[in-house]
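The values are calculated or read from the model by the stated rules, or taken from the named source; none is laboratory data. Every value quoted in this text rests on a predicted model; they were computed, and no experiment measured them. Using ideal geometry, Cβ is built from the backbone for each residue, glycine included, and neighbour counts are taken over all protein chains shown. Keep in mind that these areas ignore ligands, DNA and RNA; they rest on the heavy atoms of the full protein, side chains included. Shrake-Rupley method; radii C 1.70, N 1.55, O 1.52, S 1.80 Å.
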Amino acid sequence: GDAQTAPILTELSRPLVVTVLGLAGEPVSGQTVTFAVDSVPVGAMGQLVTPVTATTNALGQAAASITLGTKVGVYKITAASPGLAGSPVEFRVRATAGAPQTLTYVAGDKQTQPINSLLQTALLVRVVDVGQNPVPGVRVQFSLDSIPPNATGQALQAVNAITDSAGQASALMMLGSKVGVYLASALVPGLTGSPVRFVAYASAGRPVTLVMTSGNEQVGLVLTELLAPFVVTVVDIGGNPVPEINVRFALDSLPSGATGCSLRVINAVTDFFGRASAFLTLGDKIGRYTVTATSAGLIGSPARFGATARILVGDVNSDREVNIADLTSVVDHILGRIKLVGNDSVKADVNNDGKISVADVVTMRNFLLALPEARFGFAEGSMEQFAPPQQGVRSDYDTTSLVRSEFVLTENGLRFNVSNLLPIKGLQLLVRFRSIQDIKRPDVIFPRAAMDSFHVSASGREVRIVAYNLLNIPIAAGDGPLFRLPIKLASIDEIESGELIVSTPDTVVTFDRALKATAARRFPSPKEIPVAFLLYQNYPNPFNASTRIDYEVADVEGRAARVLIQVYNLLGEKVKTLASGQHPSGRYTVTWDGTDDRGAKVPSGTYYYRLISGDYASGKRMILLK
């Protein structure tokens, strides 16, 4: 039974047998022999000898069976009978690998190298049996499972597809042309742990090309920074971005005499995406500006960007939008309060007739009303007119809390109230309704805005209103209604939104400034808007020098009410007219100082005063005492 070989954890095919002999060489029966496993491969478990103690038979023989342990190698078993010559007898048997059980990872995972390079470490796996012993002669299938989009040149080649004496199989991986993750696997069907997966990352190669990425050929306003940066990307031979490469941006050319232009470099060293970028601020001259981006030794270097500086016709105050503040600034020029020169003069001549006049004010007004006959926008050296672009211009006017506005829904129309802490020279209003509106003009202008002319255009659900006067007399700081629109709505929610822009004198520059506010919406509070005419008793009464008469004017549909207040003597003769003309609804006060229409003092006595408006008439008595 010595020198047998069998797979691990199996019983040897032949027993281990010893013979006990007497002095004459005859077999001795009944002799006790002890069997023991004397040494095993490191880590072996499960080895077993049976029986441990055996008695020799008639032939003098004792036998035991041996089951090998979990580890490949030599197992030494002894058979001993104390006092006998030749005891103990040693048996040496060998355990070989068992059936392949598990596929395990050895080396090669999570490597990072540049594109188009061979990984330095092979992808290595091992096949082991149930005792974790290497199993040779097992075929392993290596495959490349996933690559970055558009990658080319990648390859996976098996060095040994059949496991060697160490149970190992290996393959070499060549990375492709694209940065990113490459996935490979090693497969032995039916084994635990199969497939074993490998991840490799391809990093960028050396820089090869400088690519113009974005920002070229922008159009902007003079003395403003372009909205988008000039961006270049450094790439390797595979078109992958390469970080940490120096790029130099420089102004290359600009219109003759231009000043104020500058570059604001965002990053002169390429970032993770291989990009470097810079913003250009255009100078004070219209025309073409160019900027170069250079990285030494790269194909495509220098990359040359172009940009065109223009002026926005009508944008007199340079807030990058044509609004009511530009209109009132042009009026100030016409009135001689300011003088527009250079580019500002070009901006103000919106109708391109070579002069700044009321005709330009009308054209700007029609533009703010979105009327089709008013079309202007960017202008270059030729002064050719363009429709205003919808992109590329960022407004710079301010949202303010100094001006608050609101719509108040009444039975006879829609009031527009303004609370302003500073004077207002003009306003433009865009109202969006939830249904189509057809409005020609306000039906009531309140005293606060009596100097202004109101212009209205309606298109579908949008209504635009522009108000100003050619003397630029402002609406004084205060609080109250400006006008009423002849619109009857079932709900205040039928107003979707209201956007107000007002012009106010700038405290720093000569131009007017545009301030933006959002209009609120509400119903009137009780007694806010009189629903009926009412004449109050004068106070004091009797009086000496003067007396005050309060009265309320009802909200009248379609117009402001015409009101007449007169004083009569006891004979029914008119003494004095205290008020006459249109009165928007509200509460008013007049004072009588005891004089007639010629200014002469009237004698003491009883007088009557009367309020008349349409079908309404009311009178009261007062006493003058001297």
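If you scan the stretch 542-557, which residues turn out to be in a loop (DSSP other than H, G, I, E, B) and loosely packed, with under 15 Cβ neighbours inside 10 Å?
Step one: filter the stretch 542-557 for residues in a loop (DSSP other than H, G, I, E, B), giving 542, 544-546, 554-557.
Once the filter is applied, which keeps residues that are in a loop (DSSP other than H, G, I, E, B) and loosely packed, with under 15 Cβ neighbours inside 10 Å, the stretch 542-557 yields P542, N544, A545, S546, E557.
Within the stretch 466-485, the residues that satisfy the criterion of being touching a residue at least 60 places away in the same chain (Cβ under 8 Å), buried (at least 17 other Cβ atoms within 10 Å of the Cβ) and either touching a strand residue (DSSP E or B) at 6+ places or on another chain (Cβ under 7 Å) or in a strand (DSSP E or B) (or both) are V466, Y468, P481, L482, F483, R484, L485. Residues that are among the aromatic types (F, W, Y), touching a strand residue (DSSP E or B) at 6+ places or on another chain (Cβ under 8 Å) and in contact (Cβ under 8 Å) with a residue 40 or more places away in the chain within the stretch 583-626 comprise W592, Y607, Y608, Y609, listed in sequence order. I need a count of the residues in the stretch 492-507 that are in a loop (DSSP other than H, G, I, E, B) and either within 13 Å of N412 (Cα to Cα) or open to solvent by 70 Å² or more (accessible area, probe 1.4 Å) (or both). The qualifying residues number 1. Considering N246, N240, N216, the condition of being open to solvent by 50 Å² or more (accessible area, probe 1.4 Å), in contact with a strand residue (DSSP E or B) (Cβ under 9 Å, 6 or more places away or on another chain), more than 15 Å from S295 (Cα to Cα) and not aliphatic (A, V, I, L, M) is satisfied by N216 alone.
Conditions tested, residue by residue: (1) without any contact (Cβ under 8 Å) to a residue 40 or more places away in the chain; (2) under 30 Å from V232 (Cα atoms); (3) of a type outside the set (S, T, N, Q).
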residue: L123; (1), (2), (3): no, no, yes
residue: I147; (1), (2), (3): yes, yes, yes
residue: S165; (1), (2), (3): yes, no, no
residue: A169; (1), (2), (3): no, no, yes
residue: G180; (1), (2), (3): yes, yes, yes
residue: S185; (1), (2), (3): no, no, no
residue: V199; (1), (2), (3): no, no, yes
residue: S203; (1), (2), (3): no, yes, no
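The strands (runs of 3 or more DSSP E) found entirely in the stretch 70-185 that carry 3 or more residues being open to solvent by 10 Å² or more (accessible area, probe 1.4 Å) are 73-80, 89-96, 102-107, 111-114, 141-146, 155-160, 168-174. Scanning the stretch 315-357 for residues that are outside any loop (DSSP other than H, G, I, E, B) and more than 18 Å from G426 (Cα to Cα) yields a count of 6. In the stretch 433-465, the residue that is least open to solvent (accessible area, probe 1.4 Å) out of those that are in contact with a His (Cβ under 9 Å, 6 or more places away or on another chain) and at pLDDT 95 or above is I465. Suppose the filter is surrounded by 13 or more Cβ atoms within 10 Å (Cβ to Cβ), in contact with a Leu (Cβ under 9 Å, 6 or more places away or on another chain) and assigned to a loop (DSSP other than H, G, I, E, B); does P603 pass it? No: the conditions fail for P603. Just one residue in the set A169, A155 is in contact with a strand residue (DSSP E or B) (Cβ under 8 Å, 6 or more places away or on another chain), farther than 14 Å from A107 by Cα and modelled with pLDDT of 95 or more; that residue is A155.
Working carefully through the options I487, I529, find the one that is of a type in the set (A, V, I, L, M, F, W, C) and more than 30 Å from R610 (Cβ to Cβ). Write out each step before concluding.
Numbers: I529 fails: more than 30 Å from R610 (Cβ to Cβ).
Being of a type in the set (A, V, I, L, M, F, W, C) and more than 30 Å from R610 (Cβ to Cβ) holds for just one of I487, I529, which is I487.
Restricting the stretch 409-428 to residues that are part of a loop (DSSP other than H, G, I, E, B) and out of contact with any helix residue (DSSP H, G or I) (no Cβ under 7 Å at 6 or more places or on another chain) leaves a set whose member that is farthest from F511 (Cα to Cα) is E411.
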